[in-house]
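Report on the structure given below.
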Amino acid sequence: MKETRISEIRAESQNDALVLEGRAIVFDQATAINDPAGSYTEIIKRGALDGADLTDVRLLFNHDLNRVPLARTPRTMSLKVDPAGMTVRATLPNTESAREVYESVKRHDLSGMSFAFKVPEGGDTYDPKTNTRTITKIEKVYECSVVQFPAYSQTSVEARSVMTESQKRLRKLQQLKEVIKMIKLG
């Protein structure tokens, strides 16, 4: 299932080129996820991107698939996995929409970056005792997006996709907790 997360981005100018850089994924950082089913902690482990499909990744604005991409791997965008996570570097086209995004990032009006990804079966675990989802394997990164509202500045995360099996288990656990609470009060 495709999932989405948020983090930082910055703008720089090189020989009149519009370049955006950001760290889309940070490893081994506990992050609060606020999902319609409830909140939980999530950690993407170092090594989760080993063997991940990072080909044909698009850079979008606000995950809008109806707009022309701002960049695309490998020609106008590169992704680099390092011990801390994954960075994005994109050279934007000289278009009105790209200049608008670039200037907004440069002015710090836009400071967030998000990414959509897929975790394969068995690529994550959920610990109900600590209410923590740990991602050990990402199968595919679909896109990165410049976004308006990052959840937090370092590597903010916000769930914005179809629920994974771990999220379904979390929802059931929370429903059971509510039933137990109602039984105790009743």
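The values are calculated or read from the model by the stated rules, or taken from the named source; none is laboratory data. As the structure is a prediction and not an experimental result, all values here were calculated from the model. Quick note on the areas: whole protein, heavy atoms, side chains included, nothing else; ligands and nucleic acids left out. Shrake-Rupley method; radii C 1.70, N 1.55, O 1.52, S 1.80 Å.
Remarks
- For Ile25, the amide hydrogen comes within under 5 Å of the amide hydrogens of Met86, counting only partners 5 or more places away or on other chains and with H modelled in the peptide plane.
- Out of every Cα-Cα pair that segment 62-127 contains, those further apart than 15 angstrom amount to 67 percent.
- For the pair Leu176 and Asp50, the difference between a 0.36 nm per residue extended length and the Cα-Cα distance amounts to 41.7 nm.
- Other-chain or far-sequence residues with amide H under 5 Å of Lys140's (modelled H): Asp53, Lys118
- Percent accessible area from carbon and sulfur atoms, segment 7-122, protein chains only, probe 1.4 Å: 45
- Pairs of lysines in segment 43-158 whose Cα atoms sit within less than 21 Å of one another amount to 10, provided the residues are eight or more positions apart or on different chains.
- Residues whose amide H lies under 5 Å from that of Arg72, counting only those 5 or more places away or on a different chain, are Leu59, Met77; hydrogens are built 1.01 Å from N in the peptide plane.
- Taking θ as phi - 60° and the Karplus parameters 6.51, -1.76 and 1.60, the scalar couplings of segment 117-130 work out to 8, 10, 9, x, 4, x, x, 8, 9, 10, 10, x, 5, 9 Hz in sequence order, x denoting glycine and proline.
- Accessible solvent surface per residue of segment 53-140, calculated while the other protein chains remain in place, 1.4 angstrom probe, Å²: 55
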